[in-house]
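One structure is given below, encoded as structure tokens.
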Amino acid sequence: MTPPESRDVERVQSGSPWEESIGFARAVAAGDRVLVAGTLPLADGGELMGEGNPYEQTKAAFGNALKALAPFGLDASSVIRTRIYLTHSRDVEFAGRAHREIFDEVRPAATVVVVSGFVDSRVLVEVELEAFRAA
């Protein structure tokens, strides 16, 4: 089933092979909101960044998520909600420090969730974000 086309909904792909195999967009803008899908700490070539380091992985994952906002003319200052998914509760402090460095002035609503794991067992962090774009 193909969704109806709407000029109010825009989709951006990042080139991740999972976007095609799963069938999703990295970011979707609908009205005044831009939603960025779960984003891993992967470099453009697909290699893991910050292996074994939750702080570096959080910074890399948010960096990738923020890149998905750029086509909409948005940046970290537009973010109103973040979600951090971690495989270990011991990493909350490291992920929180990375989040604070990126979003301290913005202060989005934030959620941290501990999960059992990710598709790649080396991944410690996945993030999502939502941004507001003024009309």
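The values are calculated or read from the model by the stated rules, or taken from the named source; none is laboratory data. Here the structure is a predicted model, which is why all the values come from computation and not from measurement. Cβ: placed from backbone, ideal geometry, glycine included. Neighbour counts: every protein chain shown.
Taking the condition more than 11 Å from the chain's Cα centre (by Cα), over 20 Å from ALA98 (Cβ atoms) and among the acidic types (Asp, Glu), does ASP32 pass? Criteria met by ASP32.
Okay, residues lined up against (1) surrounded by 10 or more Cβ atoms within 10 Å (Cβ to Cβ); (2) out of contact with any helix residue (DSSP H, G or I) (no Cβ under 7 Å at 6 or more places or on another chain); (3) among the basic types (Lys, Arg); (4) within 24 Å of ARG26 (Cβ to Cβ):
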| position | (1), (2), (3), (4) |
| --- | --- |
| GLU93 | yes, yes, no, no |
| ALA98 | yes, no, no, yes |
| ILE102 | yes, no, no, yes |
| GLU105 | no, yes, no, no |
| ALA109 | yes, yes, no, yes |
| SER121 | no, yes, no, yes |
| LEU124 | yes, no, no, yes |
| ALA131 | yes, no, no, yes |
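As a summary of the residue check, ARG107 satisfies the conditions (1) outside any loop (DSSP other than H, G, I, E, B); (2) charged (D, E, K, R); (3) more than 10 Å from PRO54 (Cα to Cα) except for the one numbered (1).
The listed residues are ARG11, ARG97, ARG81, ARG90, and the only one of them that is at pLDDT 85 or above and in a strand (DSSP E or B) turns out to be ARG81.
Tell me which residues, restricted to region 114-135, are under 26 Å from ASP32 (Cα atoms) and of a type in the set (A, V, I, L, M). Let's see the steps before the verdict.
Taking region 114-135 and keeping what is under 26 Å from ASP32 (Cα atoms), we get 126-135.
Across region 114-135, the qualifying residues are VAL127, LEU129, ALA131, ALA134, ALA135.
Taking the condition of being basic (Lys, Arg) and in contact (Cβ under 8 Å) with a residue 40 or more places away in the chain, how many residues in region 77-123 meet it?
We begin by selecting, within region 77-123, every residue basic (Lys, Arg); these are 81, 83, 90, 97, 100, 107, 122.
Filter again for in contact (Cβ under 8 Å) with a residue 40 or more places away in the chain, leaving 81, 83, 97, 122.
Counting residues in region 77-123 that are basic (Lys, Arg) and in contact (Cβ under 8 Å) with a residue 40 or more places away in the chain gives 4.
Within region 39-78, if we keep just the residues that are among the charged types (D, E, K, R) and assigned to a helix (DSSP H, G or I), the residue that is nearest to ASP104 (Cα to Cα) turns out to be LYS59.
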